[in-house]
Amino acid sequence: MWLRTSCELSFNIEYPTPFILMLRPRSGPHQWVARETYNMAPFVPVVEYTDSYGNLCQRLTAPAGLFSISTSADVQTEDELAVAPGAPFAPVQSLPDEVLTYLLPTRYCESDQFQNMAWDIVGDAAPGYDQVACIVAWIRANVQFNSDSPHFQISAVAVNQQREGVCRDLAHFGIALCRALCIPARMVVGYLFGLQPMDFHAWFEVYVGGRWYGFDATQDAARGGRVAVAYGHDAANVAIFTQFGLALSPTHMRADVKRIRAPRA
């Protein structure tokens, strides 16, 4: 399907503040970016670079006063998430070098603390995709997805204790449980068509059967209509904006995604 994503961010800045923004989706195996706009008011010089995860990052210094960013992109993406029941577990010794890093515990995904729990959840499921499906089903049954959760920037351990969280929290929990089984898992942030309430969204991917597959414990089906913007070990790597100095909350923030007709040739 063809989707049009858009976002708006505004800040009231006291003094010039360095930012790193991560707002541009990139074309890849599962999405094609056909058109983009990227505006700032006031306009400031920007340097773009690609980080170690392949994300497109925009580096700038915002001036004092009101500073606004707006973006839009027309993207062709998959109608449904690919599913592959029975896709096999990939032994660690056979994993591609670039995938190995997604086995490690990280700030928000303390996988080294979940080995026993992960094995209890998956039971005798076939190693690989089927184990991940068990984990996602367990999270859906035992952790409440609450878009208004009062908990902020919590890790997988805290999610397990609180048993509720926003989309990024459920993704962290799923990632930690998968890594505890030596299944590589990474976080994805972007847009989901039809999400209610509409906002930026987080889910996770696992590497089984020789490729990455997406999973989303906040949804009851393998819904497509996703536009990925950033990938990383956890939320620390996929922030849509990072500021340096005095912490600022946006005075305005909006994300949206609509279905559109295919562009004319």
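Read-outs: derived from the displayed coordinates by stated rules, not from any lab. All of these numbers come straight from a predicted model, not from anything done at the bench. Virtual Cβ from ideal backbone geometry, glycine too; neighbours counted across all protein chains shown.
Here are the numbers for the structure shown:
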{"read-out": "Antiparallel DSSP beta bridges within the chain, as percent of all bridges there, nearest 5", "value": "95 percent"}
{"read-out": "Rounded if a/c under 1.5, otherwise prolate or oblate - segment 92-237, Cα gyration tensor axes", "value": "rounded"}
{"read-out": "Normalised contact order of segment 92-237, rounded percent, pairs of Cα under 8 Å and 6 or more residues apart", "value": "27 percent"}
{"read-out": "Residue-count net charge about His233 - beta-carbon cut-off 11 Å; Lys, Arg +1, Asp, Glu -1", "value": "+2"}
{"read-out": "Gaussian network model of the chain, Cα within-10 Å springs - most flexible of Met253, Met22, Met187", "value": "Met253"}
{"read-out": "Antiparallel %, DSSP beta bridges [both residues in segment 92-237], to 5", "value": "90 percent"}
{"read-out": "Structure-based [θ]222 nm, the chain - -39500 (n - 2.57) summed over DSSP H runs of at least 4, per residue, nearest 500", "value": "-5000 deg cm²/dmol"}
{"read-out": "Choice from Thr50, Thr101, Thr71 showing the highest fluctuation, given a GNM over the chain with Cα pairs closer than 10 Å", "value": "Thr50"}
{"read-out": "Crossing angle, helix 167-180 versus the chain [Cα axis fit, 0-90 degrees, rounded to tens]", "value": "40 degrees"}
{"read-out": "Sequence of His172, His252 once ranked by neighbouring C-beta atoms within 10 Å, starting from the fewest", "value": "His252, His172"}
{"read-out": "For Ala176, net neighbour charge (Lys/Arg +1, Asp/Glu -1) across residues whose Cβ lies under 13 Å away", "value": "0"}
{"read-out": "Calculated P(r) of segment 16-138 - Cα pairs past 26 Å, %", "value": "48 percent"}
{"read-out": "For the chain, built as a Gaussian network whose Cα springs stay under 10 Å, the top-fluctuating residue of Ser147, Ser72, Ser52", "value": "Ser52"}
{"read-out": "Separation between Cα centres of segment 44-82 and segment 113-188, rounded to whole Å", "value": "28 Å"}
{"read-out": "Residue exposure sequence - Asp256, Asp216 - by fewest surrounding Cβ within 10 Å", "value": "Asp256, Asp216"}
{"read-out": "Cα-based helix-to-principal-axis angle, 129-142 vs the chain, degrees rounded to 10", "value": "70 degrees"}
